[in-house]
Amino acid sequence: MPFWTDQVVPRVTDKMLGTREVMDHRRRVVHGLRGDVVEIGFGSGLNVPVYPTGVTTVYAVDPSLVGRKLAAERVATSAVTVRHVGLDGEDLPLDDGTVDTALSTFTLCTIPDSGRAVREVHRVLRPGGTFHFLEHGLSPEPGVARWQHRLNGVQRRVAGGCTLDRPIERLVRDAGFEIAELHHDQLAGPGFMRPWAYLYEGVATKVA
């Protein structure tokens, strides 16, 4: 469904992940970003308005051209320089140890090899650099997790490859990071939305 994936999903995502509730989470997770930042899953630039003042340059990685168009106004009004440098989070076009901090929000669910993407983030970070992440993923509640597994096939087809049951904490640790902060939350909504609502919000460090 190229039209649906390329044209519709980025616009729906821009609306659904730009609510007041989600923006509050974004404001928290970007705290501490500084210097040169790589952001995988830049999308429509929803994080741009909440970048902290310590950020100088953002290297944006995202495959969606529609997302880039939706981001244009946010980028134009920001004091932060945004450079679109790549399309694939699994293969970052940056040298080893060249960025100060990294950001991923609602992104690891859609990257086919999410583990490789996090390892790439680890590679390009300078020693002591931090990876800030806000992701939905595998619920610790067995009943919810079972529904996440069941719904994955449909979810991937209608939501641009989004996977509901990614084990976010494990992915971050397995990439070599040391988790400094990790908070769990649940997006507000009716009970039937719980497979989509479990959040991992944290900061992980590339140990020097």
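Summary of values
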| quantity | calculated |
| --- | --- |
| Boolean, residue 36 is more than 13 Å from the chain's Cα centre (by Cα), modelled with pLDDT of 95 or more, open to solvent by 60 Å² or more (accessible area, probe 1.4 Å) and not hydrophobic (A, V, I, L, M, F, W, C) | no |
| Pairs, first farther than 13 Å from residue 43 by Cβ in the range 3-17, second surrounded by 14 or more Cβ atoms within 10 Å (Cβ to Cβ) and modelled with pLDDT under 95, C-beta under 7 Å, six or more apart | 5/160 |
| Positions within the range 66-99 being assigned to a helix (DSSP H, G or I), free of Cβ contacts under 8 Å to residues at least 40 places away in the same chain and not charged (D, E, K, R), in sequence order | 71, 72, 75, 76 |
| Extreme residue, farthest from residue 201 (Cα to Cα), among residues of the range 8-45 that are of a type in the set (S, T, N, Q) and out of contact with any helix residue (DSSP H, G or I) (no Cβ under 6 Å at 6 or more places or on another chain) | 13 |
| Given (1) under 24 Å from residue 87 (Cβ atoms); (2) out of contact with any Ser or Thr (no Cβ under 9 Å at 6 or more places or on another chain); (3) of a type in the set (A, V, I, L, M), number of the condition residue 207 does not satisfy | (1) |
| Top-ranked residue of the range 173-194 - restricted to ones that are in a helix (DSSP H, G or I) and open to solvent by 90 Å² or more (accessible area, probe 1.4 Å), ranked as modelled with the lowest pLDDT | 192 |
| Meets criteria (at positive phi and out of contact with any Asp or Glu (no Cβ under 6 Å at 6 or more places or on another chain)) for residue 161 | yes |
| Among the candidates 19, 77, residue that is farther than 27 Å from residue 177 by Cβ, within 17 Å of the chain's Cα centre (by Cα) and open to solvent by 30 Å² or more (accessible area, probe 1.4 Å) | 19 |
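The values are calculated or read from the model by the stated rules, or taken from the named source; none is laboratory data. The model shown is predicted, which means the values in this text are computed figures rather than measured ones. Note: ideal-geometry Cβ built from the backbone for every residue, glycine included; neighbour counts use all protein chains shown. SASA here: full protein model, heavy atoms, side chains in, ligands and nucleic acids out. Shrake-Rupley method; radii C 1.70, N 1.55, O 1.52, S 1.80 Å.
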